[in-house]
Ligand SMILES: Nc1ncnc2c1ncn2[C@@H]1O[C@H](COP(=O)(O)OP(=O)(O)OP(=O)(O)O)[C@@H](O)[C@H]1O
Ligand SMILES: [Mg+2]
């Protein structure tokens, strides 16, 4: 091969890593600026708080990313989180052992994901529609189950988990690592991960190459449902209640994190570290804006502008300009 | 640059010999690829100028620069004596430069008529004159002698028919300079003849034509002059009367090929697959067997039901009647998965729609069917993944900077090599190749045919679909002819001549297909 060809290999291979580094640099930059701008930012308390805030969206964003890579979308994750808080709260209050209560809640998440897969694969519904339908109906079912009330969880051990830390790092952040590492291996080093990409790029070509397209789609939505139910458990632990209206709009934050992290809504482009960084960038902006007493309305505007800017630059670089 | 390119005398007053378009040091770099090194070339008014070259030589790139689809890196284009920027397709069209691109770039969900007038719709007071447009489009199509309806949705036509529509579309726009990039790749002989008639007529009307093809006989049939590109460099330009096949091939690939069609005959082994009175969508009552060590060729017009037949064997579509036997036992093939598990492999007809994940790396595309084999339980062996991809890239001489380049950045012929290459490492017993050498250059074709022999020698069987008669004729041990969904004739190796096979494929009489699609 000519020297030209070898020179071309470098940037291509490192593109993902490079984009990740850029995001990381952006995150660090934000932290430095905020530490200078407001003394309370760098306090141990605030950092733990920020990590807790970012962690739940980060986990949602990972599940969401699997779905987006296949060319789909999962609008239901916020509602699943709310619904899962209700399930886990009811189970614990009914005296079910914590471990079992969590397991059942996670299975509910899996079941919802399978339902999405069914709707898409067997009924031929667009992902946008089926997950939108779940979004509204799950909130309704949750409200019916609770009569519109919050359920306070009367189990201190359960709540203690999300408030404590291990090695000085909040447990919730450890959960990101617990999800992130297997997710990374799954997406980048297993054939299932390759299949997610190939289905997102061209389902027909994948099918003819022997990829089980239907199973791949089931898998993506199931993983997203599972991540959402897991976040529901964490949220219930953190706020100590089960309430179906919790986590309003989190699906959009998860999608935003994913997109900021370099995922393409057209499918076939994405990573695990990208959405994680994206989620913490969003959390930092919210946290910093709070500390700086920036009007909450402005926070939303800033987030919107940021999404446009980051995705625009990412697109420019991909086209190699 | 070359002596022949410069021997053009200063513009004579005679209209036809005049230079209409001139390239001066035209150059294009993509990131990582120097696709076109500075090229000097002049085109004369109303000549048919063929451009030939290996896959990835830069032919399509040249066309994209001339039609404003891509910006050039440097150099000048002189149009009728004046420099032209050619920054947008619109500008090129305004000058009268049009192209029929290698991959059809039309709107598949719109009707044929809507596509013909896309961007120049006929509207009165803001209201589209749909009926008038359909009528007008039908008139143009009939006038060109194409037997196609104007009111149907484009996506319902075969790729070949779409290509004809693309050609028809290019003729209605006040064209002075028309470029065809491998127009016959998906056409049957009959459609190709219609196209050639169109091209000659345009020439007669004073239009200059660039004609790109990998088929030498077409070049000799049509062209006045031919230019050869190799690795982005113009090797030379020849008057068609003063050159021959061998010389052009030599210029193209810098070595000579003794024999393109490499055919070894093996004693056929056990029967791998048998279809008994199989029917399904698009074909009816087809019976045939494929044995180990033989190539079974399927010839027919596009739309004759060959692709539908093999995709049904492969489990992509449901059969409506009949039986499939695999190694003597009756089997149910309900999905591609079943077929692959039995030992079949299919390289499909349309690389864009069925063959490739265009926005993913070459390596991933090549390994897609074999990830199961190269991963232990959960994890993929990345060493093996790289090795397998590199092996196929070397094997088929796929021209790509690295295995990590996106499939979309490869030239058409090199993309086609991926579609075939991905199955070579799979270890299947029956390979179904549907138009495997579409857009592939002559050197690589020879390479692919040699690989066929290799597969056969290992005890595999091959079903080869081709609309290019010489290919099936020279390679198939058994040749089945399809016509309108039926298997109408079967021949052994060279037991019938071209003429006879063509007649059988075309049917004695062409009934008018009155909106049959
Ligand atoms: N968008 C792109 N980005 C990067 N490289 C490209 C792009 N398009 C083409 N190339 C490269 O430029 C070179 C010339 O490609 P081109 O499509 O012009 O070849 P071609 O002569 O038309 O080949 P074929 O006969 O296979 O169609 C190839 O090496 C190809 O990989
Ligand atoms: Mg080309």
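Working only within region B:42-67, note down all residues that are more than 10 Å from ligand 1 (Cβ to nearest atom) and out of contact with any helix residue (DSSP H, G or I) (no Cβ under 6 Å at 6 or more places or on another chain). Step through it out loud before you land on a result.
Applying the first criterion (more than 10 Å from ligand 1 (Cβ to nearest atom)) to region B:42-67 yields B:42-50, B:66-67.
Residues satisfying the conditions are B:42, B:43, B:44, B:45, B:47, B:49, B:66.
Results for (1) surrounded by fewer than 18 Cβ atoms within 10 Å (Cβ to Cβ); (2) under 21 Å from residue B:102 (Cα atoms), shown as yes or no for each residue.
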site	(1), (2)
B:214	no, yes
B:220	yes, yes
B:241	yes, no
B:247	yes, no
B:252	no, yes
B:257	yes, no
B:264	yes, no
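Just one of the numbered conditions (1) in contact (Cβ under 8 Å) with a residue 24 or more places away in the chain; (2) part of a loop (DSSP other than H, G, I, E, B); (3) surrounded by fewer than 23 Cβ atoms within 10 Å (Cβ to Cβ) is not true of residue A:294; which one?
Of the numbered conditions (1) in contact (Cβ under 8 Å) with a residue 24 or more places away in the chain; (2) part of a loop (DSSP other than H, G, I, E, B); (3) surrounded by fewer than 23 Cβ atoms within 10 Å (Cβ to Cβ), the odd one out for residue A:294 is (1).
Go through B:127, B:140 for me and flag whichever is more than 16 Å from ligand 2 (Cβ to nearest atom), touching a helix residue (DSSP H, G or I) at 6+ places or on another chain (Cβ under 7 Å) and free of Cβ contacts under 8 Å to residues at least 60 places away in the same chain. Let's see the steps before the verdict.
Values: B:127 fails: touching a helix residue (DSSP H, G or I) at 6+ places or on another chain (Cβ under 7 Å).
Of B:127, B:140, the one residue that is more than 16 Å from ligand 2 (Cβ to nearest atom), touching a helix residue (DSSP H, G or I) at 6+ places or on another chain (Cβ under 7 Å) and free of Cβ contacts under 8 Å to residues at least 60 places away in the same chain is B:140.
Which of the residues that make up region B:84-140 are at pLDDT 85 or above, buried (at least 16 other Cβ atoms within 10 Å of the Cβ) and not in a helix (DSSP H, G or I)?
Hits for region B:84-140 are B:84, B:86, B:96, B:97, B:98, B:99, B:100, B:111.
Filter region B:35-72 for residues that are within 26 Å of residue B:409 (Cα to Cα) and away from ligand 2 (no atom under 16 Å from the Cβ); which is surrounded by the fewest Cβ atoms within 10 Å (Cβ to Cβ)? Even if it seems obvious, please write down each step before you answer.
From region B:35-72, those within 26 Å of residue B:409 (Cα to Cα) are B:35-41, B:50-72; that's our starting set.
If we keep only those that are away from ligand 2 (no atom under 16 Å from the Cβ) too, we end up with B:37-38, B:40-41, B:68, B:71-72.
Working: B:37: 16, B:38: 17, B:40: 16, B:41: 20, B:68: 23, B:71: 12, B:72: 23.
Looking at residues that are within 26 Å of residue B:409 (Cα to Cα) and away from ligand 2 (no atom under 16 Å from the Cβ), I get B:71.
Tell me the residue from B:481, B:419, B:488 that is modelled with pLDDT of 85 or more, touching a strand residue (DSSP E or B) at 6+ places or on another chain (Cβ under 6 Å) and assigned to a helix (DSSP H, G or I), please.
B:419
Would you say residue B:429 is away from chain A (no Cβ under 12 Å), more than 24 Å from residue B:358 (Cβ to Cβ), away from ligand 1 (no atom under 15 Å from the Cβ) and surrounded by fewer than 19 Cβ atoms within 10 Å (Cβ to Cβ)?
So residue B:429 does not fit the description; no.
Give A:81, A:86, A:77, A:62 a once-over and let me know the one that is more than 14 Å from chain B (Cβ to nearest Cβ), modelled with pLDDT of 90 or more, crowded, with 20+ Cβ neighbours inside 10 Å and in contact with a strand residue (DSSP E or B) (Cβ under 6 Å, 6 or more places away or on another chain). It would help to see each step written out before you state the result.
Values: A:81 fails: in contact with a strand residue (DSSP E or B) (Cβ under 6 Å, 6 or more places away or on another chain); A:77 fails: in contact with a strand residue (DSSP E or B) (Cβ under 6 Å, 6 or more places away or on another chain); A:62 fails: in contact with a strand residue (DSSP E or B) (Cβ under 6 Å, 6 or more places away or on another chain).
Result of the check over A:81, A:86, A:77, A:62: A:86.
If you go through region B:409-419, how many residues are near ligand 1 (Cβ under 7 Å from one of its atoms) and within 14 Å of chain A (Cβ to nearest Cβ)?
Result for region B:409-419: 3.
The values are calculated or read from the model by the stated rules, or taken from the named source; none is laboratory data. No experiment lies behind these values; they were computed from the predicted model shown. Every residue, glycine among them, receives a Cβ derived from its backbone with ideal geometry; neighbour counts consider all protein chains shown.
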